[in-house]
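Structure first, commentary second.
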Amino acid sequence: MLKHIVMWRLKDENKTENLKEMKQRLDSLPAVIGQIKRFEAGLNITTDDAAMDIVLYSEFDNEDDLRIYQAHEAHHEVVQFIRQYAEEKKVVDYICE
């Protein structure tokens, strides 16, 4: 099992609206990308200065399935949206046996 975690900090301008739209777009992906085994997008509720604004937790059977997900057109469309509003991104991918 491969776990894929991504966190973003968004620009302040229209942050609340952009976060809602971003979460909706992320939440739409499991319905169109069959390689996704588990998928959860969550909005941050803490005010800590080190906190990011939104996180994506997802699981795939293997690295090939992650690559298929990342190459999928629906994923590319969400990435294009996110790139407009994100100012910082963190990623961790790891294999859990």
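Some notes on this structure:
- Cα gyration tensor shape for the stretch 1-53, rounded if a/c is under 1.5, else prolate or oblate: oblate
- Amide hydrogen proximity for N44: with H placed 1.01 Å from N in the peptide plane, the residues at 5 or more positions away or on another chain lying under 5 Å are I54, V55.
- Sorted ascending by nearby beta carbons within 10 Å, beginning with the fewest, H75, H4 become H75, H4.
- Dipole moment magnitude, nearest 20 debye, the stretch 2-91 about Cα centre, only Lys, Arg, Asp, Glu C-beta charged: 20
- In summary, the lysines within cross-link reach of K37, defined as a Cα separation below 24 angstrom excluding same-chain residues under 8 places away, comprise K3, K20, K23, K89, K90.
- Reported label for calculated Cα Rg over 2.2 N^0.38 Å given (i) 1.16; (ii) 1.28; (iii) 1.06: (iii)
- Helix-derived mean residue ellipticity, 222 nm - over the chain, DSSP H n ≥ 4, -39500 (n - 2.57), to 500: -11000 deg cm²/dmol
- For L10, distant residues with modelled amide H under 5 Å away: D53, E87
- Relative contact order of the stretch 2-91, pairs being alpha-carbon contacts under 8 Å that are 6 or more residues apart, as %: 46
Values quoted throughout were computed directly from the atomic coordinates according to the rules given, and no laboratory measurement underlies them. For clarity, every value in this text was computed on a predicted model and none was experimentally measured. Reconstructed Cβ throughout: ideal geometry from the backbone, glycine too, with neighbour counts over all protein chains shown.
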